[in-house]
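Report on one structure; see the data block that follows.
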Amino acid sequence: MIGNPPILADLPVRSISHTPWLEIPGVRAVVWALGREHVRFVGGCVRDFLLGQANLDVDMATPLPPDETMHRLQTAGVRVKPIGIEHGTVIALTSTGQFEITTLRRDVETDGRHAKVTFTTDWVEDALRRDFTINALSVDPEGKLYDPCGGLRDLEAGLVRFIGDPDQRINEDVLRL
């Protein structure tokens with residue numbers, strides 16, 4: 001594993017013609033409730049899709065604050081469970097699954113396992129706090145793939161690369177090992 005990928009603008013690098021997550025009725029309900037412009041698919045579901053592997057463990061990110069996220073979901077009739085509200089994470093409970101939605105954030109302080117965060121509306125800032133470039137990829141509901149840390153190139157090359165300094169990333173959260 002290596003570090004220090006380039007930081008790119010938050011511009012789509014590719015369009016995906018088929019986003020399998022939107023075939024799940026519960027995911028569609030969440031996207032509709034939050035607004036298509038306020039949600040992206042992130043993490044393992046994106047990475048695994050690009051590798052041709054099925055992964056219906058759908059995680060989403062939003063620039064909406066957690067209270068607004070919960071309000072919009074509840075108004076749309078989606079049950080919500082705040083599982084990590086201090087980190088901006090809620091679970092949308094639907095008849096077709098549970099889906100994690102986390103507000104964009106940046107780490108203010110870390111202690112080797114837990115972080116104190118502040119919320120942001122900046123997708124790149126949120127991506128820069130993630131562990132690996134391949135986990136900083138995101139896809140919007142229209143199928144636009146965003147890659148602010150060069151994760152697509154690393155995925156295609158079979159590389160697992162830390163974002164930034166590997167020692168710093170591990171010191172932020174020792175479970176990254």
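The values are calculated or read from the model by the stated rules, or taken from the named source; none is laboratory data. Note that the structure is a prediction, hence the values are computed from the model and not measured. Here the Cβ is made from the backbone with ideal geometry for all residues, glycine too, and neighbour counts use every protein chain on show. When the accessible area is computed, the model is the full protein with side chains, heavy atoms only, and any ligands, DNA or RNA have been set aside. Shrake-Rupley method; radii C 1.70, N 1.55, O 1.52, S 1.80 Å.
Quick notes on this one:
- First in region 129-143 and in a loop (DSSP other than H, G, I, E, B), second anywhere and among the acidic types (Asp, Glu) and surrounded by fewer than 23 Cβ atoms within 10 Å (Cβ to Cβ), Cβ under 6 Å, 6 or more apart: Arg129/Asp107
- Those residues of region 126-143 which are out of contact with any helix residue (DSSP H, G or I) (no Cβ under 6 Å at 6 or more places or on another chain) and either among the small types (Gly, Ala, Ser) or surrounded by 16 or more Cβ atoms within 10 Å (Cβ to Cβ) (or both), in sequence order: Asp126, Ala127, Leu128, Arg129, Arg130, Phe132, Asn135, Ser138, Asp140, Gly143
- Of the criteria (1) under 23 Å from Ser15 (Cα atoms); (2) open to solvent by 10 Å² or more (accessible area, probe 1.4 Å); (3) under 15 Å from the mean Cα position of the chain (by Cα), which one Leu104 fails: (2)
- Of the residues examined, Val13 is one that is at pLDDT below 90, under 17 Å from the mean Cα position of the chain (by Cα) and open to solvent by less than 90 Å² (accessible area, probe 1.4 Å).
- Filtered residues of region 118-128 (kept if assigned to a loop (DSSP other than H, G, I, E, B) and among the polar types (S, T, N, Q)): Thr120, Thr121
- Of Val117, Val90, Val174, all but one fail to be touching a residue at least 60 places away in the same chain (Cβ under 8 Å) and touching a Gly at 6+ places or on another chain (Cβ under 9 Å); the exception is Val174.
- Scanning region 144-171 for residues that are closer than 30 Å to Asp111 by Cβ, free of Cβ contacts under 8 Å to residues at least 12 places away in the same chain and either open to solvent by 60 Å² or more (accessible area, probe 1.4 Å) or touching a Phe, Trp or Tyr at 6+ places or on another chain (Cβ under 6 Å) (or both) gives Asp167, Gln168.
- Of note, Val80 does not satisfy the criterion of being modelled with pLDDT of 95 or more, part of a strand (DSSP E or B), touching a Pro at 6+ places or on another chain (Cβ under 9 Å) and more than 18 Å from Tyr146 (Cα to Cα).
- Boolean, Glu109 is part of a strand (DSSP E or B) and open to solvent by 20 Å² or more (accessible area, probe 1.4 Å): yes
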